[in-house]
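Q: I am attaching a structure below and will ask some questions about it afterwards.
The values are calculated or read from the model by the stated rules, or taken from the named source; none is laboratory data. The shown structure was predicted, so the numbers you read here are calculated from the model rather than taken from an experiment. Don't worry about glycine lacking a Cβ; one is built from the backbone with ideal geometry, like all the others, and counts go over all protein chains shown. The accessibility values were calculated without ligands, DNA or RNA, using every heavy atom of the protein model including side chains. Shrake-Rupley method; radii C 1.70, N 1.55, O 1.52, S 1.80 Å.
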Amino acid sequence: NNPEQATFWLAKVAAVGGASDLSRLATRYQRAEGVPYDRVLSYAFNLLASRRVTKDDSEDLPKRLARDANEMSPEQLAEAERIAASWKPGTPLPTTSETGRRDPRDWYKAAAQAGDLNAAHKAGTLYWKFDYGMQVDYVQAAFWLRKAAQGGIADAQYQLSRLYAMGEGVPADY
């Protein structure tokens, strides 16, 4: 019944490099179970697990990696890949990252404010969709999706129409 102690021992076992143990540790960082929430370490540990996966291990790991990568900023992805590339089995796993607790939406909003329509679409999508560590904000989602939609991004136009249809962040308008 002590999540911190459980995570401590799981990290010791995962340091041996087993795919399922690394994946379980990643989940603990993603859900803040016994450790602070850290999306970078979660992704890095899942990335390490994917490189050690056997036929008996989880088949959904590639899908999880793709989903998690889609919810991170480029700087967070780069840091996670550096962590995974530099770690050697048998050595202690890192317990902190520089960018893991940052909200990736901040990175995309800054890029969108500089004129990047794809970043506006990404920011809107991340405000619309739920992830561990991020709260849904339909008003912000509508704001950024509208910017991207006005710039001609078809997916943003569709997503904005869904917000209008559901009346989330905007007045309902069928």
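Q: Is there any pair linking a residue in segment 71-91 that is in contact (Cβ under 8 Å) with a residue 40 or more places away in the chain to one that is open to solvent by less than 60 Å² (accessible area, probe 1.4 Å) and in a loop (DSSP other than H, G, I, E, B), with Cβ under 6 Å and at least six apart or on different chains, and which?
A: I83/P94; P89/G17
Q: Could you list, ordered by first residue, the pairs with Cβ atoms under 8 Å in which the first is in segment 142-168 and within 15 Å of R105 (Cβ to Cβ) and the second is assigned to a loop (DSSP other than H, G, I, E, B) and among the acidic types (D, E), at least 6 apart or interchain?
A: Final answer for the pair search is A142/E168.
Q: Would you pick out the residues in segment 128-159 that are open to solvent by less than 20 Å² (accessible area, probe 1.4 Å) and assigned to a helix (DSSP H, G or I)? Working first, answer last.
A: Residues of segment 128-159 that are open to solvent by less than 20 Å² (accessible area, probe 1.4 Å), as a first pass: 131, 134, 141-142, 144-145, 148-149, 156.
A141, A142, W144, L145, A148, A149, A156 - these are the residues of segment 128-159 that are open to solvent by less than 20 Å² (accessible area, probe 1.4 Å) and assigned to a helix (DSSP H, G or I).
Q: Return the total of residues in segment 68-104 being surrounded by 12 or more Cβ atoms within 10 Å (Cβ to Cβ) and closer than 19 Å to S50 by Cα.
A: Number of matching residues: 18.
Q: Related question: Which number in (1) farther than 28 Å from Y127 by Cβ; (2) open to solvent by 20 Å² or more (accessible area, probe 1.4 Å); (3) free of Cβ contacts under 8 Å to residues at least 40 places away in the same chain marks the one condition that P62 misses?
A: With respect to (1) farther than 28 Å from Y127 by Cβ; (2) open to solvent by 20 Å² or more (accessible area, probe 1.4 Å); (3) free of Cβ contacts under 8 Å to residues at least 40 places away in the same chain, P62 is out only on (1).
Q: Additional query: Just the residues that are under 14 Å from L93 (Cβ atoms) and among the polar types (S, T, N, Q), please, taken from segment 28-59.
A: Across segment 28-59, the qualifying residues are S42, N46.
Q: Can you name the residue in segment 15-57 that is open to solvent by 30 Å² or more (accessible area, probe 1.4 Å) and under 12 Å from the mean Cα position of the chain (by Cα) and, of all such residues, is farthest from I83 (Cα to Cα)?
A: R31
Q: Among the numbered criteria (1) closer than 25 Å to G124 by Cα; (2) part of a loop (DSSP other than H, G, I, E, B); (3) in contact with a Ser or Thr (Cβ under 6 Å, 6 or more places away or on another chain), which one does L41 miss?
A: L41 satisfies all of (1) closer than 25 Å to G124 by Cα; (2) part of a loop (DSSP other than H, G, I, E, B); (3) in contact with a Ser or Thr (Cβ under 6 Å, 6 or more places away or on another chain) except (2).
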